[in-house]
1. Would you pick out the residues in the range 263-277 that are open to solvent by 10 Å² or more (accessible area, probe 1.4 Å) and either among the β-branched types (Val, Ile, Thr) or not in a strand (DSSP E or B) (or both)?
2. Just the residues that are β-branched (Val, Ile, Thr) and either within 10 Å of the chain's Cα centre (by Cα) or assigned to a loop (DSSP other than H, G, I, E, B) (or both), please, taken from the range 304-347.
3. What single numbered condition from (1) farther than 21 Å from Phe488 by Cβ; (2) in contact with a Phe, Trp or Tyr (Cβ under 9 Å, 6 or more places away or on another chain); (3) not hydroxyl-bearing (Ser, Thr, Tyr) fails to hold for Pro460?
4. How many residues are free of Cβ contacts under 8 Å to residues at least 60 places away in the same chain, among the small types (Gly, Ala, Ser) and open to solvent by less than 20 Å² (accessible area, probe 1.4 Å) when one looks only at the range 532-548?
5. For the range 139-178, which fully contained strands (runs of 3 or more DSSP E) count at least 1 residues that are within 22 Å of Asn228 (Cα to Cα), open to solvent by less than 20 Å² (accessible area, probe 1.4 Å) and of a type outside the set (Gly, Ala, Ser)?
6. Could you check the range 414-526 for strands (runs of 3 or more DSSP E) lying wholly inside it with 3 or more residues that are over 23 Å from Gly547 (Cα atoms)?
7. Would you confirm, using the coordinates I've provided, whether Arg551 is among the basic types (Lys, Arg) and buried (at least 19 other Cβ atoms within 10 Å of the Cβ)?
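The values are calculated or read from the model by the stated rules, or taken from the named source; none is laboratory data. Source: prediction; values computed, not measured. Please note: Cβ atoms are built from the backbone with ideal geometry, for glycine as well, and neighbour counts cover all protein chains shown. Accessible surface areas use protein heavy atoms only, side chains included; no ligands, DNA or RNA. Shrake-Rupley method; radii C 1.70, N 1.55, O 1.52, S 1.80 Å.
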Amino acid sequence: TAYVSCLGNGIQIVDLSDPDQPQLIGEVDTQSIATDCYVADDLMLVAGSDSGLLIFERGSQTALNNGSSPVTSQIQMAGFEALPPLTMETPLQPIHLAGKESKIIGVDYHKQTEKTCTVTSIEDSGTGSLRECLSNLTEGSTITFDPQVFPAADPSTIFINSDLPEVNVDGITIDASNAGVILDGSQQESGMGLQIYASNSRIMGLQIINFHDQGIKIHGDNNQLGGNRLNGSAPTGEGNLISGNWNNGIYLGGNNNIVLGNLIGTDVSSSIAFPNNVGLFVSEFCERCVIGSSVPGEENVLSGNSYSNLTTWGNHTIIQGNIFGLDISGTSAVMPDTSSNILIESGACNTLVGGTEADERNIISGAYIGVAFSDWPSYQNTVIGNYIGTDITGTSSIPNQDGISIFTVSYSRIGGTEDGEANLISGNRSGISLNGWSASDNIILGNALGYDANGEANLPNGTGISIDTGQTHTIIGGYTSAEGNLLFSDEFALRITGKGIKHTYIAGNNIQQNGIVLGGYSSENFVQRNTFTNIGADAVRVDYGTGNLLRENQFTMELQYAILLVEGGNLELAAPVVNSANAYTIAGNACPDCHIEIYSVTGNTASFAGKTITDEDGVFLFESCVPLPGEKVVLTAIDAYGNTSAFSNPTPYTADDTGLPEKCGLSAD
């Protein structure tokens, strides 16, 4: 009888009387991810990855966990009677197995044994070969390479003719950090390089190239691939070079794995593309894996790959301190045809790209898409503190076509309000693009789009933010200065086009040079408290769509071009007509039962100054007890559906006391 740990499917019990026809005869719902189990007499011990040690008793329906409380589990174990659930009023006492108290013993596999196998041959097999060392591993073994045979300055190549033995014992180290070792799969018809089905292992200093499938596959927990490139005499130090493989350079499965200091998709110089199809693939079986580090020499260079430099389907993946799309100096693109630098898709969630500290920043440039979010099951992924579309200094453009692309994904966050969370997204054809039906609640906060790292507006994106096809309730900015984005662009700061786009919230942003377009029937959007500066024309343009609400914004420009309604946009609602104006009182006519916003004009800047409403006949009167600043006023009207008019004609007034309202309780004297 075999007891099989099936992760989220608990334990399956299999009759192996006929090995050619195994029969499933029972199951245990562990209510936890079961990573291993052990059965002795009347007890079964289960390693629950998210709940510690679980203890099941024969014939019981209860799992006893760490003594704090009973955990009920419906158990159907072959040959066990279904007894009533076991309950306990007091904590568990120590359990004795075979007369000994059970203990959890911490093991450092890398100190447990001094067994070392040194590779002394470049042959694929035979005495002294890597294959021989891999075939004789025990827990804690170390494989090293003779530097006389594998000189660091002139690496030697082992041509792998067939799949190497799988590593299926824990705690092994393969260390080529002081040698020059190339594993080349070009002579195979199929197959992959290293396969690690174990935990607590370290792989350092290798060059793994030209395999027809994965360069290296890791499917266990707590493994480390690479290290610090500044340590060791190998061409990549403790880091590995993983390039030229037909499928994934690295396939990552399991939990808490770390990838550090590697060159993935380039040659040793990092300046020439040597593509894998996907550089690093983080599978759906991964949780809490870390790619990169804030320590110098531990950043990965993921550049030059064909489809993507990194793809994640995992949960709680952390991606920090890496260089994507550029060489190791961060100043030159390696292969601009790469489809995406980072692809977050297929249910990936809780991904963190970047961080709040400068050394946690990723440089993400020189590809078709910088960061791509895809597929509706993906959610709650965050991009903060990165340079996207620039070199490593943030002062020169190395563009992506799209800096960030969000496709049919909801609940993503780009930027934030805490110190260091702002992304620098500059020099791209489009800074951020969102599209796809049934996506909502993506948040864009506090970013600098079109600026350089010195805060100068001189690296414009073509379009800052583009929203197309069906997105709803996108949030761009907010009421506080920390929430607002800086937008400087060559064509549009923000462009919305397409039916079904609704309830976009655009607030508190600083928009320079070019304005925003609410087009293609997009409706019921909200534009408030933004600052439009040095706009040539059309700070806000509305075409076709209706119910687009514009409130309390500030404009510095030729005001007759500030708000443009065309093709029935906002019903081309008529602007108010001012009949009289002074520093305290504005009177006129507009649509019945409409809100009227008053903007004072100083020079060519219109600033929100107050509001009133019209009566059922469309008559309004605005009164203030303090004089309006400036020398002119312009007004907008807003109907009950949110349709906002263009500005009225500028009306001059004199700043004297002759119009002081009686309600203020003061006379002109």
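1. Asp267, Val268, Ser269, Ser271, Ile272, Phe274, Pro275, Asn277
2. Thr312, Thr317, Ile318, Ile319, Ile328, Thr331, Val334, Thr338, Ile342, Ile344
3. (1)
4. Here the count works out to 2.
5. Result: 142-145, 173-175.
6. Because the criterion is at least 3 residues that are over 23 Å from Gly547 (Cα atoms), the strands (runs of 3 or more DSSP E) in the range 414-526 that meet it are 430-435, 461-468, 486-497.
7. No.
Residue-by-condition table, conditions (1) over 39 Å from the mean Cα position of the chain (by Cα); (2) not in a loop (DSSP other than H, G, I, E, B):
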position: Thr546; (1), (2): no, no
position: Leu550; (1), (2): no, yes
position: Asn579; (1), (2): yes, yes
position: Ala587; (1), (2): yes, yes
